[in-house]
Amino acid sequence: MSKIWQENFSNISKNSRPSPIREMLALIRQPGMISFAGGMPAPEVFPVDKFYEGVHILKDDGANLLQYGTTEGYPPLKEFLAEWTAPRMGRKVNPDEMLITTGSQQALDLFAWAMIDEGDLIITEDPSYLAALTVFFNHGGDFIGIPTDREGMMVDMIPEKIEKARAEGKKVKFIYTIVNFHNPGGSTMSVERRKRLVEISKKYNVPVFEDDPYGYVRYDGEHLPSIFSFHDDGVIYAGSFSKILSPGTRIGWVTGPKEIIRNLTVFKQGTDLCSSTITQALVAEYCNKGHLDGHLPTIIENYRVKRDAMEKNLEKYLAPMGATWVKPEGGFFYWINFPKINTNDLFKIAIDKKVAFVPGDPFCPTPGTGIHHARLNYTFSTPEQIEEGMKRLAEAVNELAIPAVH
Ligand SMILES: Cc1ncc(COP(=O)(O)O)c(C=O)c1O
């Protein structure tokens, strides 16, 4: 790189790290590859016709919709979301408690601007959502990783970690958690742990960021109350249309105490002024016609079949090789433990066999804890591809365990 750029970069820019998954995706784009690596919705479930029906709003109100909007978000969309999310949030939130964001990824970035100073600590599940770790890291944050089991984050480990960090003079700024159908872990936090987390948050005065893009994509069991619904003022909740309607809309929302929402709004002013007015209006039109509620069962049915296909074929091909996992009750991912295998090595063989996944290590705030894990996405493949992919993966595991003699 030329001197004129190198000498003028910010410190953040010099230390920032790219997403290993995005770089890996380039390797995966090969003909014949079965990919469990991404985190994308199935294209066949996008509600193209129903979404297109809303395009008439351009004729009805085009002069407003093609204009800049307020940073806070398009009021009819916020009104819909306040009503629609009320059962999960425990109440209908006020407009000044909600900000529309450009995907929930933007909520993570705005929150990082608002909260993180160089060297601050963030408590996360270990493993956690890679792009959240990346954005927090790029803002100067460091991590305390808490292991998970089938009931989600093992929250009783948190108090000791906070006390230790404070004894060392460090600041623990917030707890970041993906409570429903974790990415990548697949687990869902039990109600008891949600309540316990709120007790810990109050006792130690550490707020919670509840990231919930998958919460409405549940295949089995009952919906659980949000952490937000148990706390008076210490939780900020992020939701998204990406997994329930379309990631291409880039529309998400964040709900929390009005002082924090105001703070995030100020940072959003400097980031993108406002999320696309026309897209917000199209999403609002779609939702207010009742289409979202009509669409969710279609998604859930499509993905449940795929989740079941992955479960069946994991049992058939990978369980006999010692692989273990928690069956996800919803969401997009399996997190597979291969006790004796380094999944970075497995990845190379798997790519040769034309099946892709993401090795576990980049998801782990504590380096090294993910080397025996793999994240597998099932929503983007057909049940037939899932079966074939599992076969290929089992062959790759076999080859790694017993190297071929040439
Ligand atoms: C846990 C989690 N949070 C946030 C996001 C960001 O989603 P979006 O910006 O598309 O709303 C994702 C996307 O995969 C995710 O898995």
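Here, each number is a calculation from the coordinates, and none is a lab measurement. Remember, predicted model here, so these are calculated numbers, not experimental data. For neighbour counting, all protein chains shown are included, and Cβ atoms are generated from backbone atoms with ideal geometry for every residue, glycine included.
Observations on the structure shown:
- Spacing of the two label points (7 Å from each Cα toward its C-beta) at K258 and K340, in nm: 6.2
- Cβ-derived FRET efficiency at R0 41 Å, D232 paired with Y68, nearest 0.05: 0.70
- Computed over the chain, the per-residue total of -39500 (n - 2.57) for DSSP H runs of n ≥ 4 gives a 222 nm mean residue ellipticity of -13000 deg cm²/dmol, rounded to 500.
- Segment E384..A167, full-extension length gain: 72.7 nm, with 0.36 nm per residue of separation and the alpha-carbon distance subtracted.
- Loop sites in the stretch 25-98: chymotrypsin sites (Phe, Trp or Tyr not before Pro), DSSP, at most 11 other Cβ within 10 Å: Y68
- Gaussian network model of the chain, springs between alpha carbon atoms under 10 Å - residue of H291, H139, H372 with greatest fluctuation: H291
- Calculated SAXS-style log₁₀ I(q)/I(0) at q = 0.10 Å⁻¹ - the chain, Debye, Cα scatterers: -0.70
- For the pair N15 and I57 in one chain, pulling the backbone fully straight at 0.36 nm per residue adds 10.6 nm over the alpha carbon distance.
- The chain: relative contact order in percent, alpha carbon pairs under 8 Å with at least 6 residues between: 24
- Using θ = phi - 60° and Karplus 6.51 cos²θ - 1.76 cosθ + 1.60, couplings along the stretch 106-116 (whole Hz; Gly, Pro as x): 5, 4, 5, 5, 4, 5, 4, 4, 6, 10, 9
- The aspartates and glutamates within cross-link reach of K354, meaning a Cα-to-Cα straight distance under 12 Å and a gap of 8 or more places when in the same chain, are E388, E395.
- Among the listed pairs K171/K203; K78/K258; K243/K289; K202/K243; K306/K391, those beyond 22 Å (Cα-Cα): K202/K243
- Sorted by Cβ neighbour density within 10 Å, fewest at the top, the residues S128, S226, S13: S13, S226, S128
- Chain lengthening between E311 and F46 when straightened (0.36 nm per residue, less Cα-Cα): 93.0 nm
- Residue-wise HN-Hα couplings along the stretch 75-85, as the Karplus relation 6.51 cos²θ - 1.76 cosθ + 1.60 with θ = phi - 60° gives them from phi, are x, x, 6, 5, 5, 4, 5, 4, 5, 5, 8 Hz; Gly and Pro carry x.
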